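A.B. asks: Supplied in structure tokens, the structure appears directly below.
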Amino acid sequence: MTAKKSKILVHICCAACASHVFSELEKKHFEIIAYFYHPEVHGRGEYAIRLQGVKKLCSEKEIELIEAEYDVKDFFQVLFPYQDKNSIKFISDKKRYRRKRCQLCISLLMNNVEDKAKGLKIQNFSTSLLCSPYRDHDEIWDKGLDLAAKYKLDFYYQDFRKGYWSGRNFAKSHDIVIPSYCGCADSLEEGILE
């Protein structure tokens with residue numbers, strides 16, 4: 001008799017990163033439930049392309065996919081005080097603003113996946129952002145641990161960056177588009193690759 005697998009809700013950034021993360025989590029005997037939430041992605045067209053790749057991956061791997069509604073207001077609502085020159089929170093320095101923008105984005109995504117896990121009564125949660133060498137792992141880890149402690153859930157951290165290129169190779173071999181930037185309009189302009 002096989003032991004029952006623990007469920008884990010995994011926030012998905014893109015199919016390339018998720019392909020490696022899924023493989024690693026399957027080795028740990030998790031029952032994976034994928035969650036696609038990205039209000040920061042610039043443009044419905046880009047969002048649809050990324051979602052299409054995730055759907056294809058989840059279909060091939062027979063993984064349940066939960067799609068959140070695409071609403072850019074979620075992202076801009078958090079970001080606006082730091083862009084508004086009349087706000088006390090306004091940041092004029094581009095490097096400081098970029099760092100703060102990324103922190104806010106990670107916080108928004110992690111809060112949302114934790115909230116979804118709690119709502120679905122899934123004890124474990126994680127994110128495929130942990131596959132990207134362009135993301136701040138300390139920020140993700142700290143936020144995940146804070147949320148886990150606050151809501152009595154378990155944040156699963158693993159440094160998946162070793163599989164970054166295998167994820168890209170998987171995407172290429174399966175005709176899945178690989179994002180060329182993080183997601184938001186600022187990252188597109190800055191040319192930040194994910």
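A.B. asks: What spacing in nm lies between the two simple spin-label points modelled at I91 and K121, each 7 Å away from Cα in the Cβ direction?
C.D. replies: Going by the 7 Å Cα→Cβ label model, 4.0 nm.
A.B. asks: Looking at the stretch 9-81, which GluC sites (Glu not before Pro) are in a loop (DSSP not H, G, I, E or B) and have at most 14 other Cβ atoms within 10 Å?
C.D. replies: Answer by residue number: E62, E69.
A.B. asks: Another question, if that's okay. Consider the candidate values (i) 23.9; (ii) 17.6; (iii) 17.1; state which one is Kirkwood radius over Cα pairs in Å computed from the structure displayed.
C.D. replies: (iii)
A.B. asks: Right, next: Out of the chymotrypsin sites (Phe, Trp or Tyr not before Pro) in the stretch 64-159, which ones are loop residues according to DSSP with at most 13 other C-beta atoms within 10 Å?
C.D. replies: Answer by residue number: F90.
A.B. asks: What is the calculated FRET efficiency for F80 to S6, with r their C-beta to C-beta distance and R₀ = 30 Å, to the nearest 0.05?
C.D. replies: Details: r = 38 Å, r/R0 = 1.28.
E(calc), rounded to 0.05, equals 0.20.
A.B. asks: Scan the stretch 69-125 for trypsin sites (Lys or Arg not before Pro) in coil per DSSP, keeping those whose Cβ has at most 12 other Cβ atoms within 10 Å, and list them by number.
C.D. replies: Hits after loop and neighbour filter: K85, K89, K121.
A.B. asks: Can you tell me the relative contact order of the chain? Whole percent, Cα pairs under 8 Å, sequence separation 6 or more.
C.D. replies: 30
A.B. asks: Could you tell me the calculated FRET efficiency between Y151 and S173, based on Cβ-Cβ distance and R0 = 45 angstrom, to the nearest 0.05?
C.D. replies: On the way: r = 38 Å, r/R0 = 0.85.
Once the sixth-power term is evaluated, E becomes 0.70.
The numbers here are math on the coordinates, done by the rules we state, and not lab data. On a predicted model such as this, the values are computed, not experimentally measured, just so you know. Ideal geometry is used to build each Cβ from the backbone, glycine not excepted, and the neighbour counts take in all protein chains shown.
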